[in-house]
């Protein structure tokens, strides 16, 4: 597959369109990336369907290839991965720095080969996302952790090079940390218990995929995972779940423009927190056989919310919802309880006329305000979504720079929005 990294162009958005029609929800970024890393746990083929065509998938594929794995796009949305020839256990720094999820190669490499190293991961600059949860989990499983220059090195200390099961308490229910330690424990000798595990749907789906590969994981969906280590895992064909964050973003797009959009394949059963807030804001949301219909006919009402670990409202929808609430009547208050620097979108929305006061990890939004076109930046994936949503209702033309961030998390976002009636182009 082509894994060449591209430099992001600009989006030019002409505001005022009302979105109508249907949009297909792509595969989930955070499930796809972890599933790709899981392919390192076996020397057999792992075939993944419904994989989104996004930049983060391409950069992770490039990283896996650098380790000696093969990654082939055998059909649209379908990847075949094979890690039989992996011989490199030290991922290149420049590839790890591209993508936060790349650090999740550590667990599988350590479990299968007894050693792995990596520099700290890159990705969005949205605050402290400590990798201590990952490293302490590996240490509990019997790995010696050292720092060599900029790289963390983990090495299994048992004579046979295998990790050993353990009882692990996570200081924080980190999604990537839970996924990484769970993958490592799948091949450890003996029993592992992970306490305070993340319960996000993407964690659950990874656990189901690992079980389909021969792992023995129970407690899926709870904060206590029980893992009985096995000697080897085998290949599998698995489907990536639909992306609840992409579905939420298009639901908000329908709401902010006063439109009506059918979200095909929207994972409604894991979107409760968002749907409750949309209804409270005056938006009609109706589950259907195909997914979800979202429409707005009247005015938006102010709502307040906290961004929390699942099943709370996802932090990745904080910034898009903030854009919506600039158009709601009244005062909305947002409290961020996951990442401490999620507020990068605030300054960009202010450039467009939004009335937002940011105090630490909280935002106070007064609305409705008339937004106007401006030159803004997509400072991270979700901040980019926020300014794009605001641009849809802004008066005049908005130019969005750094849209490589949007391309990291949203498949063909400009094409999908145009199909719904938005006026925008990539230049």
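What residue among 160, 90, 401 has the largest mean-square fluctuation in a Gaussian network model of the chain, using Cα springs under 10 Å?
Sorting by GNM fluctuation, first place goes to 160.
Using Cα pairs closer than 8 Å and at least 6 residues apart in sequence, work out the relative contact order for segment 267-393, in percent. Kindly include the intermediate steps, with their values, before the conclusion.
Values: 235 pairs, mean separation 27.1, N = 127.
Contact order relative to length: 21 percent.
Which one of 222, 199, 249 has the biggest mean-square fluctuation once the chain is modelled by GNM with Cα springs under 10 Å?
Answer for the Gaussian network model of the chain: 222.
Can you compute log10 of I(q)/I(0) for segment 253-296 with the Debye formula, treating each Cα as one identical point scatterer, at q = 0.16, 0.27, 0.28 Å⁻¹?
Rounded to two decimals, the profile gives -0.35, -0.99, -1.05.
Compute the helix-to-body angle for 381-393: its Cα long axis versus the longest principal axis of the chain, expressed 0 to 90° and rounded to tens.
Tilt of helix 381-393: around 20 degrees.
Under 8 Å for C-alpha pairs, at least 6 residues apart: give me the relative contact order for the chain, rounded to a whole percent. Working shown, then result.
On the way: 1096 pairs, mean separation 87.6, N = 427.
Here the relative contact order equals 21 percent.
So in segment 29-239, what percent of DSSP beta bridges are antiparallel if you round to the nearest 5? Don't skip to the end; give the middle numbers.
Details: 26 of 34 bridges.
Of the beta bridges lying entirely in segment 29-239, close to 75 percent run antiparallel.
Using just the helices of the chain, give the 222 nm mean residue ellipticity in deg cm²/dmol: DSSP H runs with n ≥ 4 each add -39,500 (n - 2.57), and the total is spread over all residues, rounded to 500. Mind dumping the intermediate values first?
On the way: 14 runs with 133 residues, N = 427.
Mean residue ellipticity, 222 nm, calculated: -9000 deg cm²/dmol.
Treating the angle as unsigned and between 0 and 90°, give the value, to the nearest 10°, between the Cα long axis of helix 244-257 and the longest Cα principal axis of the chain.
So the helix axis and the longest Cα principal axis differ by about 0 degrees.
Taking a temperature of 20 °C and a viscosity of 1.002 mPa s, what whole-number D in µm²/s does Stokes-Einstein yield for segment 29-239 with Rh from Kirkwood over alpha carbon pairs? The partial results should precede the final answer.
Details: Rh = 16.5 Å.
Calculated translational D: 130 µm²/s.
Which entry in (i) 28.1, 103; (ii) 21.4, 68; (iii) 22.0, 89 matches Rg and Dmax of the Cα atoms in Å derived from the coordinates of this structure?
Among (i) 28.1, 103; (ii) 21.4, 68; (iii) 22.0, 89, the one derived from this structure is (ii).
Evaluate the relative contact order of segment 29-239 (contact order divided by residue number), counting alpha-carbon pairs under 8 angstrom at least 6 apart; express in whole percent. Could the numbers behind the result be given before it?
Details: 488 pairs, mean separation 43.0, N = 211.
Once divided by the residue count of segment 29-239, the mean separation gives 20 percent.
Working from Cα positions, state the angle (0 to 90°, nearest 10) between the long axis of helix 55-67 and the longest principal axis of the chain.
Taking Cα atoms only, the helix is inclined about 20 degrees.
Taken together, the values in this text are just the output of simple stated rules run on the coordinates, not laboratory data. Since the structure is predicted, the reported quantities are computational estimates derived from the model, not experimental observations.
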